[in-house]
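Encoded as structure tokens, the structure appears first; notes follow it.
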Protein chains: 2
Amino acid sequence: MQGEQSQLSMTRRDLLRLIGLSAGGAMMYQAMSSLGVAADSPYKGTPVLQGTPRGASVLILGAGLAGMVAAYELRQAGYKVQVLEYNARPGGRNWTLRGGDTYTELGGDTQHCQFDRGLYINPGPWRIPYHHRGLLDYCKKLNVPLEPFVQVNHNAYLHNSDAFGGKPQRYRAVNADYRGYVAELLAKVTQQSKLDAQLTKDDQAQLLESLQRWGALDNHYAYVAGGRTSNRRGYDKEPGGGLSAKPIDSQPLQLHDLLTSKLWSGLADGENYEFQTTLFQAVGGMGRIGEAFGRQLQGVIHYNAKVTAIHQDDHGVAVSYEDARRPGHVQTARADWCICTIPLSILSQIPMNVSAAMTDAISAVPYAASVKIGLQFKRRFWEEDEDIYGGITATSLPINTISYPSSDFNSKGKGVLLGAYAYGLDAYQFTAMSPEERVRQAVEMGNQIHPQYKQEFENGIAVAWHRAPFTLGCFAAWSDDLRAKHYDNLCQIDGRIALAGEHASYLPAWQEGAVTSALDVIARLHQRVLARGAA
Amino acid sequence: MQGEQSQLSMTRRDLLRLIGLSAGGAMMYQAMSSLGVAADSPYKGTPVLQGTPRGASVLILGAGLAGMVAAYELRQAGYKVQVLEYNARPGGRNWTLRGGDTYTELGGDTQHCQFDRGLYINPGPWRIPYHHRGLLDYCKKLNVPLEPFVQVNHNAYLHNSDAFGGKPQRYRAVNADYRGYVAELLAKVTQQSKLDAQLTKDDQAQLLESLQRWGALDNHYAYVAGGRTSNRRGYDKEPGGGLSAKPIDSQPLQLHDLLTSKLWSGLADGENYEFQTTLFQAVGGMGRIGEAFGRQLQGVIHYNAKVTAIHQDDHGVAVSYEDARRPGHVQTARADWCICTIPLSILSQIPMNVSAAMTDAISAVPYAASVKIGLQFKRRFWEEDEDIYGGITATSLPINTISYPSSDFNSKGKGVLLGAYAYGLDAYQFTAMSPEERVRQAVEMGNQIHPQYKQEFENGIAVAWHRAPFTLGCFAAWSDDLRAKHYDNLCQIDGRIALAGEHASYLPAWQEGAVTSALDVIARLHQRVLARGAA
């Protein structure tokens, strides 16, 4: 069996070498893909829309990532393209709040962001996984530099108000201890021959060897205080140089305390496909991507345009809109086709003559709640006092999350951290408050984890997505049932209208969902245009 | 018990708040430290050497980090300081090779680095852990910007020529599968009441719940193909947008194959204290730190000075040296005191009149072997073809390691990766080759993992530390026995001579070892100077 695999592999490798020698890298990648070396992805590179649209026009609703990807590619392919956008800026949920920015939420509360120069928060998406190839390619194409986003920081905290007397525990300690005890328990039953029914003796020997290394067990397969465990969970006194620099080992938590603390529930986040290393952020804020698209589409995007009705007939699509700043005067934009990227939460309130199936789909999907709060502090105390550089502290408090900035590490001066990323019921609770109260509460709660909060706090800003006028929610919260019933209906081209956006993807909330849904829909629309002729 | 902890914690927090309100951040940190919130560290911030040295002079041997930290601080404290350095540059093993650099190793082989502008390798240290506070503080003080170093990349490979037909496996798959099977096996024995002797029923219930989440087990506590496991190990077809974007789940590896593959041995590296997130590198190459110190110490460091003898008497220290480029003409430098940071591998060959105990210590410690090879490629195929951004591939091949650059992510154009970081016997094997042959072999071996290697390779450079004239080895390879016998003897101040460097620390190979050993030794030396008077 091993021998067969080896031969198969050599053949495969030889084949790849031959392909590589006679063709270029792209060909090599295709070959690697089909041979199973590279993973299959729905993103196949920039779409080449072959064949001319012969003057066909497309009206795109929304200048978020989906709308701008569609506009960028369709214009490239020869379409006449115009985009209507509610906000005064490109990007949609791809958005960075910086000092000097102003934001008015539903209900009329206006916040003026007071962050110092260079500091920011991303109220919307803030992470780019390595496998979001569509988005990464556009970043490369539009020269948007990326830097690592630190998701898991072994020195950040896991915190449960009801465990360990409310004292936050370092991720490294909880992580090492949980893993260590799991390894010890399994090693013990293996030694007691309790796995004889499942594993051969040889496999058991491999398992024991692996558990010892993986779990930092001692020579008796126990997880106990000592050099091995301290080298995972940290030291009571760290090793240093010269005399009196000998390290002092730390004591593992008790297994019972660890299990009842529920802190283990925060251990797997960084193992999830979308949060694995290497994760990225855009240098200077995620909004740099939307801004870069906006520059490409200068003159194509009509800002401050609030869509009020969408109507299609056999000849084309007519969209009514008014100035979002001075409502009342209705204008009409027309085109042969329409790609609508307006979030379903808003689209469901706009008259549009599409099939009952699509209308049902549009109304069916609830939008997830989320609140993000950015807090500026006089100094980066999380780095200076606590050696926390980037990453996330997870807490049972309603703020759910504290995230430390993944930029300007080890720098002097002020910093902005994400003082809350609340979801679910906690998000609704924050949404119900005034912006000022949200910030006040975030400081109050965060102070339970970082006692420096109150002394160092300067100012904050809070975005509750259910009060964002352009989305009325954070992202489409598909359930399996809803998807089975409505997803395909939502994604069909209905006459001359097609939808795109994260809501029309299997990657809800992710920018890549917006990008790949746009690429999917323009490819299908283009086929239809070619089949039917321009008009 | 829980209640007691809670009260204790509130008291502690209240206390911290009071301290924070009435004093500054540094005071708060000291309080946090003593209350156990922050870890104890041998590094206590920049040393303030109080009291005047009244004209005392110190001769420092070696302008590596230890020597330059000592020089920087002692000069600040009022000492007359001079430094003798063998190389023509500051930094020692803190060293970055860039295009245009030239390096001649023992035996006379000279390499001319041909990397394109902006590309580099660090032949020596390349990572800075978040808890190496001394080094981080100097980076801040000297304005050396840092960026994350990606150690664990879930999409890099684990590779064993003898497993899976030699086909490299993605870290994410091996990691998820190993963890999943461990969780499944332990869940099974828990359900079979085989842990009743160790755990209460309540704890067993918590354990089961935690294993399910942590191990991505299904509702029957099994680790099987499905959405949960694909969300860890990756998909056969990834989720996307629009129609036909439905993901296809991947199949876990077989437990037996996984155990016998030994690939699990690469899973714990990123959990070790020194490789945990957040790890850093200096922007532009680790050598930026040495270069920054060098600028601070302009005029203080005498380059190209090869030390040939060190002699002390009651009045001071006299050090003989010659020009490393034109040996023969011996000069003498004198001072009241000497801090010698020359690696033990070289110091053991230089006559020096210190105690027998120190002489024995100097001779006792072997130096570890290591070889690093940098390879320039026409394009960043690891990113473009394989979605690998930074991080490390571990392999059973003698190159041991391939490390992808943690900078300029997603950029166009060429790239340099670390094509080998060999240690132990593998390093000796590479050391025995000519530099050209080392590079050739690294390309040949790496091609087994990345079939693009041969087509894309442009040039390379190889540093074998046992042939580096200024160290004759990579770092002091202390064993527990050696340390018990010799370490304290090595670190004592012997008359007017004291040693510093990574070899005089509990952090061998790490820059922090050099920094903290220097800080430790100057504090002790200063006490002695104050006690004895200047001369």
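The values are calculated or read from the model by the stated rules, or taken from the named source; none is laboratory data. As the structure is a prediction and not an experimental result, all values here were calculated from the model. Neighbour counts are summed over all protein chains in view; Cβ atoms, including those assigned to glycine, are modelled from backbone coordinates with ideal geometry. What goes into the accessible areas is simple: the full protein's heavy atoms, side chains included, and nothing from ligands, DNA or RNA. Shrake-Rupley method; radii C 1.70, N 1.55, O 1.52, S 1.80 Å.
Quick notes on this one:
- Per the Cα gyration tensor, segment B:142-232 maps to an equivalent ellipsoid with semi-axes of 33, 20, 12 Å, ordered largest to smallest.
- Annotation: amide H of residue A:312 within the under-5 Å range of A:318, A:353, sequence separation 5 or more or interchain, hydrogens built in the peptide plane.
- Under the criterion of Cα pairs below 8 Å and six or more residues apart, the relative contact order for segment B:124-234 equals 21 percent.
- In sequence order, segment A:217-225 has phi-based couplings of 7, 7, 5, 9, 6, 10, 9, 9, 3 Hz under the Karplus curve 6.51 cos²θ - 1.76 cosθ + 1.60, θ = phi - 60°, and Gly or Pro positions carry x.
- For segment A:370-428, accessible area per residue (1.4 Å probe, heavy atoms of protein chains only), Å²: 24 Å²
- Using R0 = 51 Å, the C-beta based FRET efficiency linking residue B:114 and residue B:236 works out to 0.80.
- Considering only alpha-carbon pairs that sit under 8 angstrom and 6 or more positions apart, the relative contact order computed for chain B is 20 percent.
- Exceedance of the 25 Å cut-off in Cα-Cα distance is limited, within the set A:262/B:188; A:262/A:412; B:44/B:141, to A:262/A:412.
- Karplus 3J(HN,Hα) series, Hz, for segment A:494-507 with 6.51 cos²θ - 1.76 cosθ + 1.60 (x for Gly, Pro): 9, x, 10, 10, 9, 9, 8, x, 4, 5, 9, 8, 8, 10
- Bins of 10 Å from zero: percent of alpha-carbon pairs in chain B: 3, 15, 23, 22, 18, 12, 5, 1, 0
- Karplus (6.51, -1.76, 1.60) ³J(HN,Hα), θ = phi - 60°, over segment A:460-466, in Hz, Gly and Pro reported as x: x, 8, 10, 10, 9, 5, 5
- Scaled against 2.2 N^0.38 Å for its residue count N, the alpha carbon radius of gyration of the protein assembly as shown is 0.99.
- Inter-chain Cβ neighbour count for A:190-196, averaged per residue, equals 2 (cutoff 10 Å, partner chain atoms only).
- Sequence-distant residues sharing a close amide H with residue A:131 (under 5 Å, placed H): none
- Per the accessible-area calculation with a 1.4 Å probe, the total area buried between chain B and chain A rounds to 11500 Å².
- Peptide A:375-386 - average C-beta neighbours from other chains (10 Å radius): 3
- Shown for segment A:60-202 is the translational diffusion coefficient from the Stokes-Einstein equation, using the Kirkwood radius over Cα pairs, a temperature of 37 °C and a viscosity of 0.692 mPa s: 157 µm²/s.
- Segment B:415-535 - Debye-derived log10 I(q)/I(0), Cα point model, q = 0.09, 0.11, 0.21 Å⁻¹: -0.43, -0.57, -1.15
- Dipole size of segment B:171-261 about its Cα centre, with +1 on Lys/Arg Cβ and -1 on Asp/Glu Cβ: approximately 180 debye, rounded to the nearest 20.
- Extent along principal axes [Cα atoms of segment B:206-256; Å; largest to smallest]: 40, 26, 15
- Amide H partners (placed H, <5 Å) of residue A:94, local residues excluded: A:65
- Other copies of residue A:311: label-to-label distances in nm, shortest first, labels 7 Å along the beta-carbon direction: 10.6
- Nonpolar atom fraction for the protein assembly as shown, defined as the carbon and sulfur part of the 1.4 Å probe accessible area, stands at 50 percent.
- About its Cα centre, the dipole of the protein assembly as shown is roughly 1980 debye, where the only charges are +1 on Lys and Arg Cβ and -1 on Asp and Glu Cβ.
- Computing FRET efficiency as 1/(1 + (r/R0)^6) for residue B:104 and residue B:332, where r is the C-beta to C-beta distance and R0 is 25 Å, gives about 0.40.
- 1.4 Å probe accessible area per residue over segment B:171-261, in Å²: 38 Å²
- Placing dummy labels 7 Å off each Cα toward the beta-carbon, the span from residue A:484 to residue B:244 is 2.5 nm.
- Helix B:25-34 vs. chain B, principal-axis angle (Cα, 0 to 90°, nearest 10): 70 degrees
- Angle between chain B longest axis and helix B:287-296 axis [Cα atoms, degrees, rounded to 10]: 30 degrees
- Which listed pairs, of B:167/B:414; A:80/A:140; A:485/B:246; A:194/B:194; B:80/B:306, have C-alpha distances above 19 Å, in listed order: B:167/B:414; A:80/A:140; B:80/B:306
- Once the partner protein chains are put back, segment B:418-447 shows a loss of at least 10 square angstrom of accessible area, versus the chain by itself, at B:447 (probe 1.4 Å, ligands and nucleic acids excluded).
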